[in-house]
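Undergrad: Here it is: the structure, laid out below.
The values are calculated or read from the model by the stated rules, or taken from the named source; none is laboratory data. It should be emphasised that the depicted structure is a prediction, and the values quoted were computed from it without experimental measurement. With ideal geometry, Cβ positions are generated from the backbone for all residues, glycine too; neighbour counts draw on all protein chains shown. Only protein heavy atoms, including side chains, enter the accessible area calculation; ligands, DNA and RNA are left aside. Shrake-Rupley method; radii C 1.70, N 1.55, O 1.52, S 1.80 Å.
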Amino acid sequence: MPKILVAQALSPANEHLTAFFAYPIFMTAAAQTTGRPELRIQLPDGTTRTVALERDRYGLGRTLANDLCYPEVSGLSREHLVFERTGTNWTLRDLGSTNGTLINGKPLTAPHVLEANDRVTAGQLTVVFTETARPAAAQTVIFIEKPPTPPGGTTLTATLDGLLSDEKEIQGIGHMQAFIRAGRELVGHMPLETLFELILDLSVEAVKASRGVLMTLEDGGELRVRASKGAGFRISSRVRDLVLNERRSLLVRDALRHEALAASESIVAQQIRSVLAVPLQAENRVSGLIYLDSPGFIQEFTTEDLNLLTVMGNMAAIRIEHARLIEVEQAEKLRAQELAHAAQIQQSILPHQFPAFPDRKDFELHAAMVPAKEVGGDFFDFFLLDPEHLGFVIGDVSGKGVPAALFMAVSRTLLRAFAQHRATPGECLAYMNSNLAVQSDSAMFTTVFYGILDTRTGELQFANGGHNRPYVLAVDGQPRPLSLESGPIVGIMDGFAYDTYTGQLAPGESLILYTDGVTEARDKNDTFFGEKRLEELLSAHCGESAEQLVASLHAAVQEFAIGEPQADDITVLALRFLSTEPRP
């Protein structure tokens, strides 16, 4: 029966590289059973989470009361939907969510029995119901270790901690000169790419190697070549794993005579003889390796070479880390400047001069947005369609930061441009939805409320695309929802129609529009600000002007969440109707 190499280890007694071999004694085949129901949940950042359905019920939403909790995902309600086991089947139900649920691209209006590969869309989440086969029994393999034969080549190893604890001295004039030169060269300031070349040059010259390569560990654990002298490198995986995983420096004087390494295809193909490899190690973190070898002949690498290069690897790792931190700091400064510029641009896009219509006495209007980051995805706007009709809008784009700000600017421009044609609010939202859904490849969307006020009579026309319901604040301090009617969120799928509804403001009444950054602000106890607290606040400030209402609401949210980071943009727009008298 053939040998299977399963591990490498170092013998503590002589620090020689030792190979362990194992023989498979017993193995059971894995049979397949019936399908197991699973949910594959795709998050907005592209990552996927798989959940095996083992209980009878799984709730999904933004609060911690759900089994599947996603508080940062836009478009979800607090308790959005539920997956339930019904006999041998699984059923999907919407829990009266604000933005609704789609099943295979169609609105979910009644409980749906799930079938394999059904696709559920809830806000920015995509959930696929699957049934996967699973093994009835896990594969069982029993190994018996076989003692190795003594290696033919000489192998030495060293660790940085061992060298430092033993306080070994650098021996020999050549090694001391190399060490001093490395210390002098590595204190300078240079770009990372230049630094990689310098470190490899110093290493090759210090031990008189024939060729070498410097590699760094990147995100995901992959090695990236940063500098090389020579060509055709194929580094043995055994050498690589020993250096990176065990943080050991390795010296092999004749790899072709070493039983473990001589079996390596890369060693044989390149006729590698001497090998010297050390980790780039700072503290306990390994960021890469330096690998040196000599094809075709035996280079007399020494123990002093091994020790010198190990310490130089530590010096190089510290210098590389320092250079990276400098580059990150510079990149962060540039990013901060760009974000500050983006914030200025965004503020210039949104209306920012108040009172917006100083000559109008028949209404008051004020609005303010506080972004969670430097730039935000919330937006508001208002404009006169003619002397008697005022258009106003508020929206909340999915996500945050620069992408949301760009999507916000496009959304606002689309609505404002189409509204000038005196289209109804429902027609404006349908136009926005069609253009955003067709043109957007980013899977972003927005909630939108758009209304038109007749400044003579107080009559309202409005349409709602999945946004929070506005409140009408009566003169006596009683707040009431304007309407519970709402259409789907805007931009997620083409073809939706949006209805236009009507309402009425009496003289002195105010209309309060806001984004979910208000009601979903949290305090130190993880409690939401909530609609009830919003209604109580509005009632307490019923006699205030539009500007005072906006300021009071922002201040109340800030005081409620004091000490907690702002999780979402906070936007409020207040419109107060003052008179039914005709304009002269």
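Undergrad: Given H placed 1.01 Å from N in the peptide plane, which residues other than close sequence neighbours of Leu511 have an amide H under 5 Å from its amide H?
TA: Leu473, Leu575, Arg576, Phe577
Undergrad: Separate question: Mind listing the phi-derived Karplus ³J(HN,Hα) values for segment 497-514, rounded to whole Hz, using 6.51, -1.76 and 1.60 with θ = phi - 60°, and x for any glycine or proline?
TA: Once rounded to whole Hz, the list reads 9, 10, 7, 9, 10, 10, x, 8, 10, 8, x, x, 7, 10, 10, 10, 10, 7.
Undergrad: Let me know the shape class of segment 420-575, please: from the alpha-carbon gyration tensor, a ≥ b ≥ c as square roots of the eigenvalues, rounded when a/c is under 1.5, otherwise prolate if a/b is greater than b/c, or oblate.
TA: Since a/c reaches 1.5 but b/c is at least a/b, the shape of segment 420-575 is classed as oblate.
Undergrad: If packing is taken as the mean number of other Cβ atoms within 10 Å per residue, what is the order of 377-384, 571-578, highest first?
TA: 571-578, 377-384
Undergrad: Here is a further query. Taking H placed 1.01 Å from N in the peptide plane, check which residues at least 5 places from Trp90 or on another chain put their amide H under 5 Å from its amide H.
TA: When sequence neighbours closer than 5 places are left aside, the close amide H contacts are Leu114.
Undergrad: Below 8 Å, C-alpha to C-alpha, sequence gap of six or more: please give me the relative contact order for segment 352-499 in percent.
TA: After rounding, I find 22 percent.
Undergrad: Step through the residues of segment 246-252 one at a time and calculate ³J(HN,Hα) from phi using the Karplus curve (6.51 cos²θ - 1.76 cosθ + 1.60, θ = phi - 60°), rounding each to whole Hz and writing x for Gly and Pro.
TA: Working through the residues one at a time gives 9, 6, 10, 7, 10, 10, 10 Hz.
Undergrad: Quick check: with the 1.4 Å probe, what order do Ser237, Ser579 take by accessible area, largest first?
TA: So the residues, ranked largest to smallest area, are Ser237, Ser579.
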